[in-house]
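Student: I'd like to ask you about the structure that follows.
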Amino acid sequence: MVNNNSTSDNISTGWNYYREGRADAAISEFENILKQNPEDIDATYGLGLAQRAAGKTESAMHTFQKTLELVNKAKAVYEATRTPEQAESNIKTPEDDSFMMLSRMISQRISEIQVAQA
């Protein structure tokens, strides 16, 4: 069967499953997305949350660490495309804020798992 849904539709479906408490369905949906696009940050983060909700703590920890790597990689690519003037500016862009917030959210999830395991 051919899936004509867009990645964004599939991500929405995954998040809906997660919100409904259907962690296993969310995991399956996010994993399917990642088969097509292994560097999708939203799907990777959603997968980590769904894994944690399903009690798959070790998998969630690994997935959150991978998500943080993807964010750092995307940030490095973004920063490499900045002009010298932009790079030296003290003015933060919306992208800078997004990378900072994503990093904080993911680091918080990792810390929560570490505390729970201690």
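The values are calculated or read from the model by the stated rules, or taken from the named source; none is laboratory data. From a predicted model like this one, the values you see are computed outputs, not experimental measurements. Please note: Cβ atoms are built from the backbone with ideal geometry, for glycine as well, and neighbour counts cover all protein chains shown.
Student: Does any residue of region 49-56 turn out to be at pLDDT 95 or above and within 12 Å of the chain's Cα centre (by Cα)?
Tutor: yes
Student: Among the residues of region 54-76 satisfying the criterion of being among the hydrophobic types (A, V, I, L, M, F, W, C) and over 11 Å from Ile110 (Cα atoms), which is surrounded by the most Cβ atoms within 10 Å (Cβ to Cβ)?
Tutor: Result: Val71.
Student: Of these, Thr13, Thr44, Thr81, which one is surrounded by fewer than 17 Cβ atoms within 10 Å (Cβ to Cβ) and not aliphatic (A, V, I, L, M)? Give the steps one after another, and end with the answer.
Tutor: Values: Thr13 fails: surrounded by fewer than 17 Cβ atoms within 10 Å (Cβ to Cβ); Thr44 fails: surrounded by fewer than 17 Cβ atoms within 10 Å (Cβ to Cβ).
Within the list Thr13, Thr44, Thr81, the selection yields Thr81.
Student: How many residues does region 1-21 hold that are farther than 24 Å from Ser111 by Cα, assigned to a loop (DSSP other than H, G, I, E, B) and either in contact with a strand residue (DSSP E or B) (Cβ under 8 Å, 6 or more places away or on another chain) or not β-branched (Val, Ile, Thr) (or both)?
Tutor: Adding up the residues that qualify gives 6.
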